Amino acid sequence: MRARWWGTGAVVAAAVCGTLVVQGVSGGDSGHDGKTAAAPVRDRVRSAALDVRGDGTGATLARRDAKPFSMLGVSWEKPSARLAGKVEVRSRAVGSGKWSDWLLLDSDRGAGEQKAARGGTEPAWVGLSDGVEARINGKATAKLPAGLRLDMITAAGKNTGGDAEPAAYVADGPDDTGEPVATDTPTPTSEPTDVTTTDPAPPEETTAEPSPGESSTEPPTDSPSASESTGSTGSTGPTDSAPPSDSATPSPSLSVPTAPRSTVPRPPITPRSGWQADESISPEAPTYIDGRIKAVVVHHTASTNDYTCAEAPSIINAVYTYDVTGLGWKDLGYNFVVDKCGTIYEGRKGGVDLPVVGAHAYGFNSQTTGIAVLGTYVDSPPPMAAMASVARLAAWKLGQYGVQPDATVTLTTALSGQNLAGRTWEPGEEMTLPAIHGHRDGYNTLCPGDAFYAALGTVRTLAAGPVTGLTLGTVTGTGTVGTTPYTNGPLTVSWSTTTPASLISSFRVLVDGRTAATVAGSATSAKLTLPAGTHKVQVEAVHQSGRTATSAARTVVADTTAPTFTTKPNLSLRTGTVSTTAVPLTLGWKAADNVSLKETRLTAPLARTYGPTVTSAAQTAKSGAATAWTLRAYDTLGNSASASVSGTPVILQETSATRSGSWTTKSSSSYLGGKSLGSSTKNASLTWTFTGRSVGWVVSRASTSGQADIYVDGTRLTTADLKSSATAYRNALWTRTWPTSAKHTLKIVVRATTGRPAVTTDGIVYLK
C-alpha cells in the first residue's frame, strides 16, 4: 500500500493490507493501560448501491449528500470475487464543505476470512463527512463483481474527526472554481438522493425499509456480548463451525487450548475493551490453531501517520465495524494492532496468549499470528517505539512455541498464491520464510510498505537479541591522567544502546570479568567502588531473550594514596616593609603524588589555592603573635594530606642593640616605635642577640643613604647598600634563615661611604 501527501491536499493510494486513514478521529478515552474500560462503542454502517455501466466494466455513485460518516469502503456480493480495476472515492468535510481529492482504495486485502459475507476494499478513514462520490474504472477484459455498494461507517456517540478538517480536503476542479467535477455520471442538481437515510430505529422497534439502491446495516443487539479476551481464562471457546478455508494440515481445536509459557516476558497489551469493542456484533466464538504458531506476519494498515495515539482506539474500532458489519467477517482480521507510540492492542478475540486464528494472511492464517501497525510505511519505517513493541510482541508469541525470532521456519501453503516477488505456489507446498516476515512474503501486496519491510531485519534483531550498539560512556568520579581514568572511591559507569530499554532485562558492570553491579534494563548507569589497583571495566547487557552483549573494556586505576609533603611547610622572613601588624614572611613547601598532584591549598590562617608546581607564597604575620599556617595537598583523584608550621615574628628595636661609636636618635612616626638610630661615623656598630630561625635588618633608605657591613655570629657575610631612589621606612633590607631555631648575633658596622656616609636603622625582626 502507498500513501502520498502534498501540502494541504492529499492524493492517497492504498494497496493491499490495512486501512487507509486520511484524518484521525477523536473518541472517548480508551483505557490504554487496560485498567479502565469505557463503554463499548457501536458504529453504524450505511450503504448505497453503485450504478454499473452496461458493459460491466465501470461503476459510479454520483456526488451526493449523506448522513455524517467518518470511514468508507466499497464492497460486493461474493467474497471470493476479485475486483480488477481502480476504485476511487471522495468525501465532503462537515463544516467547511470542502471536497477531498480522489482517494484510491485497494481492492484486494490479501486476508481471507471464513464465512465472509462480502468482498471489499480496504476501508478509508476520511474524518467527519457529509457528502460522498465514488467511481470504479475496471478492465475491459473483466467485468466488475456483482452487488457493488459504498459502505459508510458512522461512529455512534462520538465526535468523529473532531473539529479539524480531513487532511485530504482541497478544491479539485479543472476550471479552478474549487468545485469538484463528477465523472461518468451527471452532477445532481435537485434534492439529495436516497444515499442519505434516517438512523435505524432501536432493535426493539420496527425499522423502515431502506430506499432503493441502498441498505442500512445495524449491528445486532440481541446477541450476548463475548467475554473480554485478555488471556486463556477469559477466552471464549470455538464453535463446531467448519475449519477456515486456508487451513492445510492443522485444523481448529474443539476446546480452548492451554496458553503455553513463553521464554520471554509478555509486553503490556491493551484489551479489546481499551478500544471499546462492541462484542455483540461478533458473537461467534474464536477459532484456535490446532498446533502451534510458527511465524509472525507483520502488516501496516496503509493509513495516514498523522494521527494522535489517543485516536488509535477509534480507528481500530471503525475497521472492526467495517470488517464485521460491512463485510460479514467474524471479527477484526489482525490478532494485534500497534500504534505509532508503541501501544499494543488486542485485535481478534480469543485470548492474547492463545493461538487464535486470524484473517490477515491469505493461505497462512492457521500457522501464523498477525501484527499490524497503524499507519503507512512506504517511505519511512514506523517510529522505534512501534518497532520495539512489534519486536516484544513477536518474541513473546514465538517464545510460546519455541521459535527464535531470527530463525527461518517452514510453512505449508493452504491455497494457491503469489507473493510480491513473483513467486507462485500451489496448495500443500512448503515455503521457507523468516519467523518474522512481511505480508508481501506470502501475498502479492506492498504490505507492510517498502521502508517497514526493509526494517524487518531490525525488528528481528530487536526481538531476538542481543542488545545492539552497547557503548561504554563516561566513568565519573575519576580523574584522568593522560588517557587513563583514576578513582579513589565510588564511581559511576554510564552506557548507551541502540536497542530500546523495553527489550533489555538487565545490565551488569563487569570488573576484571566479574559482576560488580547489576541494574535494571531501563538503567543507563551504575555506581560501584573499585579495590586498589588497575582494573578492566566493561558493561554487559542482557537481552530479554537471555542473549548478552559486552562493551569494550576500559582501564580504570583505583588509587587511595594521598599526596606527601616532600618538603614540610616552613617559614622565613623576606624583604619588604615591616610593621607591627604585617611582618613580611615567605611560606614554603613542596608536595608530590604517586599519580598526579592537582593543587595545594592554604587553609589557615587564610584560604588560598596554588597550582601543583608552586612551592612558596609571600605572606605577612602580626608581630609578637604565634600563627599556625596549614596546607593541604590534593591529587587528581581527590586524595589529600595536610601539614602545618607555626611561627612568631618578633621586632627588636634599635634601643635593644649594643652600641659602639657615635649614634644619634631620630624621631618620626614613620619609624618603628617612632624612633630610630643614625650614624655617619666609620666603624660605628650595633649588635643584637636573639634566638630564632630567621632574621632581617630593618632600615630607612634614601638617595643619600650609605653602606654597612653585616656580621652574623662574628662572621662578615655581606655589605648592604641603603641607597634608594625613593625614600623608604621600616624596610627589611636583608634577611637570613637557618634550618632550625638557635641563638645568634647580628652586627652592623657603618662604612661611612664617601658622599653618603649615613646609616639609619629601626632595629631587626626575627622569627621564632
What spacing in nm lies between the two simple spin-label points modelled at SER80 and SER96, each 7 Å away from Cα in the Cβ direction? 4.5
Given a 1.4 Å probe and every protein chain left where it sits, what share in percent of the accessible area of region 609-766 is carbon and sulfur? 45
Relative contact order of region 546-698, defined on C-alpha pairs under 8 angstrom at six or more residues apart (%): 21
Want the number for SER662 to TRP425: 0.36 nm per residue separation, take away the alpha-carbon distance, what's left? 72.1 nm
If ligands, DNA and RNA are left out, what is the accessible area of THR561 with a 1.4 Å probe, given in Å² to the nearest 10? 70
Counting only heavy atoms of the protein chains, get the accessible area per residue of region 249-337 (1.4 Å probe) and round it to a whole Å² value. 29
Protein-only accessible surface order, largest first, of ASP101, ASP762 at 1.4 Å: ASP101, ASP762
Based on the alpha-carbon gyration tensor of region 716-755 and its eigenvalue square roots a ≥ b ≥ c, which shape applies: rounded if a/c is under 1.5, prolate if not and a/b is larger than b/c, or oblate? oblate
What is the distance, in nm, between label points placed 7 Å from the Cα along the Cα-to-Cβ direction at THR432 and at ALA604? 8.2
Length gained when the stretch ALA117-ALA626 is fully extended (0.36 nm per residue, less Cα-Cα span): 172.6 nm
Hey, how many Å between the Cα centroid of region 733-747 and the Cα centroid of region 327-404? 94
How big is D, in µm² s⁻¹, for region 370-506 by Stokes-Einstein at 4 °C and 1.567 mPa s if Rh is the Kirkwood radius over C-alpha pairs? 73
Accessible area per residue, 1.4 Å probe, Å², for region 417-495: what's the number? 38
Counting only heavy atoms of protein chains, what accessible area per residue, in Å², does region 670-727 have with a probe of 1.4 Å? 39
How many nm is it between the label spots at THR518 and LYS675, if each spot is 7 Å from the Cα in line with the beta carbon? 8.8
In region 446-477, which residues have a backbone nitrogen under 17 Å from the label point lying 7 Å from ALA552's Cα in the Cα-to-Cβ direction? 468-475
Counting only protein chains, not ligands or nucleic acids, how are SER303, SER506, SER522, SER725 ordered by accessible area (probe 1.4 Å), most first? SER725, SER522, SER506, SER303
Linear extension gain, THR715 paired with ASP51, 0.36 nm per residue minus alpha-carbon span: 225.8 nm
Here the alpha-carbon Rg of region 600-755 over 2.2 N^0.38 Å rounds to 1.29
At a 1.4 Å probe radius, carbon and sulfur cover how many percent of the accessible area of region 301-448? 48
Based on the Kirkwood radius over alpha-carbon pairs, what value in µm²/s does the Stokes-Einstein equation return for the translational diffusion coefficient of region 667-768 at 20 °C and 1.002 mPa s? 156
Excluding residues fewer than 8 positions from LYS139 in its own chain, the lysines with Cα under 20 Å of it are LYS78, LYS86
Rank these residues by their accessible area, most exposed first, probe 1.4 Å: ARG92, ARG272, ARG261. ARG261, ARG92, ARG272
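Can you pick out the pairs among LYS622/LYS675; LYS723/LYS743; LYS340/LYS397; LYS622/LYS768 whose Cα atoms lie more than 23 Å from each other? List each step's numbers first, then the result.
Values: LYS622/LYS675 20 Å; LYS723/LYS743 30 Å; LYS340/LYS397 20 Å; LYS622/LYS768 13 Å.
Cα-Cα > 23 Å for LYS723/LYS743; rest within.
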How about LYS527: which lysines have a C-alpha closer than 24 Å to its C-alpha, ignoring those fewer than 8 places off in the same chain? LYS536
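Kindly work out what percent of the DSSP beta bridges joining two residues of region 258-374 are antiparallel, to the nearest 5.
Once the DSSP bridges in region 258-374 are tallied, antiparallel ones form about 30 percent.
The values are calculated or read from the model by the stated rules, or taken from the named source; none is laboratory data. The model shown is predicted, which means the values in this text are computed figures rather than measured ones. Methodologically, a virtual Cβ is constructed for each residue, glycine included, from the backbone with ideal geometry; neighbour enumeration extends over all protein chains shown. Please note that ligands, DNA and RNA were not included when accessible areas were found on the heavy atoms of the full protein model with its side chains. Shrake-Rupley method; radii C 1.70, N 1.55, O 1.52, S 1.80 Å.
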